[in-house]
Amino acid sequence: MVSKKSIDEMIQFAVLNRFNNIVIQVRGRGDAFYNSKFVPKSSLIKDLDFDPLAYVLPAAKEKGLKVHVWLNTYLLWSSSVKPIQNEHLANTKIEWIDHNQLQNKSLKELLIDNKNRKNGFEGIYLSPGHPNVNKYLLKVFKELVDEYDIDGIHLDYIRLHDQGYGKNPYAIANFRKYNNSNNQIDALSLDQYSSQEWNDFLRKSITELVSDTKDMIMLSNSRIELSAAVKPSLYEARERFSQEWDVWLVAGYLDKAFVMNYAADLKIFAANIDIMYDNLPKKYRDRVVVGIATYNQSAEEALTKVKYAKVTRFSSVAFFSYNSLAQSKAYFQTIKNYIYK
């Protein structure tokens, strides 16, 4: 999404390999691969006048491809160097950043964490519980719906960073206010960070963004699909990452759940599908897209996953990612031959 040439190559690859939907990243790390009033343009785009999304849409649609715009939702920054754009949220809204401790870190300290990347640290996240974060993100989503002829919005990192996060001071104040209004607590103690009420508050904050996004789409352009990239284990998604994606499907907030079932080990891949069978009613399984990795396994191993998805009656698959597929022209050939035999 950085030049006309690379976009043309991607569209050609999709057409030659008979894909029908492409999911293109337009918000990577709090930046934009399109022209926005609210989001600074990605520093990877050297020609500031170039609007990658405006270029890709007519070119892809001419070839019969549906285009879903992929946004990294709460994940904001993962470099050890601060963003060069002065208006980037990491530079302007440090109070929106999420934390896993009561003593909040400065941007400088968070950048050091980005550099070291240990204990599962993925990067700097926005706080789902901060009252202004979801409002801002909804504004970002609405701009795309209003200004571009897209077929879908695809939310990635629509979750908590990890268990133990959520301790943004404004989120805590928001939680305290909510619980005080229900006459439940007068102050927040350390043990309440593992309480049912606190975990419910975090899940509710994320679910509200999904629900509000669906409402906005229905009012603005109801033909646009809303999908999300979700953790493959329903249990882990809910308890560890505050991502209750089964609720999103059942409540109608989400049109499709792209389950990131990226394990190379077939036993783990199958176990995640078993959990869906045990917990997700059949009528909602048709709205699951099984995500299969192509970056960490051979073409034969990926094909086995495609076959397993078909045997277990999941009718849609997605491949992650184009970058890995494009490195080998032969990789996708056997998979394509099986799908279209």
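The values are calculated or read from the model by the stated rules, or taken from the named source; none is laboratory data. What you see is a predicted model, and the numbers here were worked out from it, not measured in a lab. Don't worry about glycine lacking a Cβ; one is built from the backbone with ideal geometry, like all the others, and counts go over all protein chains shown.
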ask   = Of all residues in the range 77-104, how many are farther than 21 Å from Ala32 by Cα, modelled with pLDDT under 95 and surrounded by fewer than 16 Cβ atoms within 10 Å (Cβ to Cβ)?
value = 3
ask   = Does Lys283 satisfy the criteria of being among the charged types (D, E, K, R) and surrounded by 13 or more Cβ atoms within 10 Å (Cβ to Cβ)?
value = no
key: Matching residues in the range 115-166 - criterion: being in contact with a helix residue (DSSP H, G or I) (Cβ under 7 Å, 6 or more places away or on another chain), touching a residue at least 40 places away in the same chain (Cβ under 8 Å) and more than 25 Å from Phe320 (Cβ to Cβ)   = Ser127, Gly129, His130, Pro131, Val133, Asn134, Leu138, Lys142, Asp146, Gly166
query = Consider Leu190 against the criteria (1) among the hydrophobic types (A, V, I, L, M, F, W, C); (2) modelled with pLDDT under 90; (3) touching a helix residue (DSSP H, G or I) at 6+ places or on another chain (Cβ under 9 Å): it satisfies all of them except one. Which criterion is unmet?
reply = (3)
query = Looking at Tyr277, is it touching a residue at least 40 places away in the same chain (Cβ under 8 Å), surrounded by fewer than 20 Cβ atoms within 10 Å (Cβ to Cβ), of a type in the set (Ser, Thr, Tyr) and on the phi < 0 side of the Ramachandran plot?
reply = no
Looking only at the range 318-332, and only at residues there that are crowded, with 19+ Cβ neighbours inside 10 Å and of a type in the set (A, V, I, L, M), the one that is farthest from Lys267 (Cα to Cα) = Leu325
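Only one of these is farther than 24 Å from Val317 by Cβ and either in contact with a Gly (Cβ under 7 Å, 6 or more places away or on another chain) or assigned by TED's automatic domain parsing to the domain that holds Ser316 (or both): Ser36, Ser42. Name it. Spell out the reasoning first.
Values: Ser36 fails: either in contact with a Gly (Cβ under 7 Å, 6 or more places away or on another chain) or assigned by TED's automatic domain parsing to the domain that holds Ser316 (or both).
That would be Ser42, the only listed residue that is farther than 24 Å from Val317 by Cβ and either in contact with a Gly (Cβ under 7 Å, 6 or more places away or on another chain) or assigned by TED's automatic domain parsing to the domain that holds Ser316 (or both).
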Residues of the range 18-45 classified as touching a Lys or Arg at 6+ places or on another chain (Cβ under 9 Å) and on the phi > 0 side of the Ramachandran plot, total = 1
Flag if Ala14 is in a helix (DSSP H, G or I), over 23 Å from Lys139 (Cα atoms), under 22 Å from the mean Cα position of the chain (by Cα) and not basic (Lys, Arg) = yes
query = Would you call Leu107 in the same structural domain as Glu122 (by TED's automatic domain parsing), surrounded by fewer than 18 Cβ atoms within 10 Å (Cβ to Cβ) and of a type in the set (A, V, I, L, M, F, W, C)?
reply = yes
Which listed residue, of Val15, Val81, Val2, is out of contact with any Lys or Arg (no Cβ under 6 Å at 6 or more places or on another chain), within 24 Å of Lys329 (Cβ to Cβ) and not acidic (Asp, Glu) = Val2
Elements of type helices (runs of 4 or more DSSP H) in the range 86-186, at least 3 residues being of a type in the set (Asp, Glu) = 133-147
query = Taking interchain pairs and intrachain pairs at least six residues apart, which have beta carbon atoms under 6 angstrom, with the first residue in the range 194-209 and free of Cβ contacts under 8 Å to residues at least 60 places away in the same chain and under 15 Å from Tyr165 (Cα atoms) and the second of a type in the set (Ser, Thr, Tyr) and surrounded by 15 or more Cβ atoms within 10 Å (Cβ to Cβ)?
reply = Arg203/Ser242
message = Going residue by residue through the range 303-318, is there one that turns out to be at positive phi and either part of a loop (DSSP other than H, G, I, E, B) or touching a residue at least 40 places away in the same chain (Cβ under 8 Å) (or both)?
response = yes
task = Output the number of the condition that Leu138 fails; it satisfies all remaining conditions of (1) surrounded by 14 or more Cβ atoms within 10 Å (Cβ to Cβ); (2) in contact with a Leu (Cβ under 9 Å, 6 or more places away or on another chain); (3) more than 30 Å from Lys61 (Cα to Cα).
result = (3)
request  = Could you grab me the full set of residues in the range 69-84 that are in a loop (DSSP other than H, G, I, E, B) and of a type outside the set (A, V, I, L, M)?
outcome  = Thr73, Tyr74, Ser78, Ser79, Ser80, Lys82, Pro83
